[in-house]
Structures are given as C-alpha cells and as structure tokens.
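The values are calculated or read from the model by the stated rules, or taken from the named source; none is laboratory data. Note that the structure is predicted; figures quoted are calculated from it, not measured. Here the Cβ is made from the backbone with ideal geometry for all residues, glycine too, and neighbour counts use every protein chain on show. The area values use the complete protein model at the heavy-atom level, side chains included, leaving out ligands, DNA and RNA. Shrake-Rupley method; radii C 1.70, N 1.55, O 1.52, S 1.80 Å.
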Amino acid sequence: MLKSDLRLQYSQLRNQISLEKISQESLLIANKSLELPIWNFSYYHIFLPILGKKEIDTVFLLSILQGRDKNVILPKMEGGSLIHYLLTDNTKLKTNKWNVPEPVDGIQIPPNKIEVVFIPLMAYDTKGNRVGYGKGFYDRFLQQCNPDVIKIGLSLFEPEDKIEDVFENDIPLDYCITPNKIYSFS
C-alpha cells in the first residue's frame, strides 16, 4: 500500500477508537517497553502526543523514564527541523500550530548524544518501514543521530505487509511496540 493511502486508512482507524481505549492501550505499550533491552542508556528522546489525532499517550512511558532517572529529551519543531531539549522541572510546554506540545526553550541536546528514540507513526510494515504524517521531521532528525541509535515506533495496530513507496532516505525502525507485542526488525 502507498503511504498516502495508509495515512488516510490509519487516521480513520484511530478516529474510531475512544480516548479511554487509547489511554488503556498506551499503558500496555509503556509496560511492554520494559521487555526491551534498552534500559542501560542515558538519553531517551520521546514525543508528546497530539491528543486530537489520537496518538499514543506517552505520559506512561515518560513516567517510566523519569522513574529510572533517565535524561528525557523532547522535540520542538522549528522550520523543517526538530530542535531537542532536555526535560527538566523548569521546562515550560506550549502547543504549536499543529497542536503538538513542545518545550518553549531550555537546554539543547545534540542529536548525536541521543541513544534511544521513541517515534510517532501512522503505520509501519513487517520490515520496520514507517509512515508518519509526511513532513519528514523524524527522517531528517534520525539522519543526524549516531547510526546505532535505537529507533522504537509506538502503535496501536499490527504491521502492514509492505509499504510500497519507501524512499532511500527513509530510516526504518529497530522495534515497534503494540499493546500486545514487540516487533523486532534488526
């Protein structure tokens, strides 16, 4: 299936899910993350959800990271890029024009320091290729990271067999966590 078709299909599927169900499934995903071999690192990049688009609620995962004293990095969209800020007690969040909660400012962290990235997505396939919103923010960001950065998608859904229009600059996932299963692509 083509990325544009998958965006439409999964947007419609998400819209059919209640906010209560998304919260329950998000908690399952956070708990499932504890099974991954990723907890010896220090710098974890996580997105904050666009609740209106019924994205995975990362508040549970954020609690796990903070409970383990990890350095949590949040993205901020600027132009066509992501700027990365350390989450601290003083971090102020503001919703941008796409309704993405993001830090106003703070301590910038370079992409090459980030070791684990939790990635929002619309859909993904059995090879770890993913479909986002089509703006390329995460592909450009991941190109700036070290090649061994661990890339983890979060999804309410199972993988598609194949995304037909994968591009050479698309960076596949290492894992995708669903409420019931962890998919490994490496």
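Quick notes
- Residues satisfying the stated conditions in the range 40-86, i.e. surrounded by 12 or more Cβ atoms within 10 Å (Cβ to Cβ), in contact (Cβ under 8 Å) with a residue 24 or more places away in the chain, closer than 16 Å to K113 by Cα and not β-branched (V, I, T): F41, Y43, Y44, H45, K70, N71, L74, P75, L82, H84, Y85
- Residue list for the range 106-133, filter: open to solvent by 60 Å² or more (accessible area, probe 1.4 Å) and touching a Phe, Trp or Tyr at 6+ places or on another chain (Cβ under 7 Å): I107, Q108, K113, K127
- Helices (runs of 4 or more DSSP H) wholly inside the range 1-93 containing at least 3 residues that are of a type in the set (D, E) and over 17 Å from the mean Cα position of the chain (by Cα): none
- Of the residues making up the range 133-186, not one is without any contact (Cβ under 8 Å) to a residue 24 or more places away in the chain and of a type in the set (A, V, I, L, M).
- Search result, residues across the range 102-121 that are under 19 Å from C145 (Cβ atoms) and part of a loop (DSSP other than H, G, I, E, B): I107, I109, P110, I114, E115, P120, L121
- All of (1) open to solvent by 40 Å² or more (accessible area, probe 1.4 Å); (2) outside any loop (DSSP other than H, G, I, E, B); (3) in contact with a helix residue (DSSP H, G or I) (Cβ under 9 Å, 6 or more places away or on another chain) hold for N99 with one exception: (2).
- Here R14 passes the criteria (1) more than 14 Å from F118 (Cβ to Cβ); (2) among the charged types (D, E, K, R); (3) open to solvent by less than 50 Å² (accessible area, probe 1.4 Å); (4) touching a Ser or Thr at 6+ places or on another chain (Cβ under 9 Å) except the one numbered (4).
- Residues in the range 154-172 that are within 19 Å of L2 (Cβ to Cβ) and touching a strand residue (DSSP E or B) at 6+ places or on another chain (Cβ under 6 Å): S155, P159, E160, K162, I163.
- When each of D170, D139 is tested for being out of contact with any Leu (no Cβ under 6 Å at 6 or more places or on another chain), in a helix (DSSP H, G or I), modelled with pLDDT under 95 and over 14 Å from V116 (Cα atoms), the lone residue that passes is D139.
- When restricted to residues that are open to solvent by 30 Å² or more (accessible area, probe 1.4 Å) and either closer than 17 Å to P120 by Cα or in contact with a Leu (Cβ under 6 Å, 6 or more places away or on another chain) (or both), the range 20-30 contains 4.
- Here the condition is being in contact with a Pro (Cβ under 8 Å, 6 or more places away or on another chain) and of a type outside the set (S, T, N, Q); of F137, F118, it holds for F137 alone.
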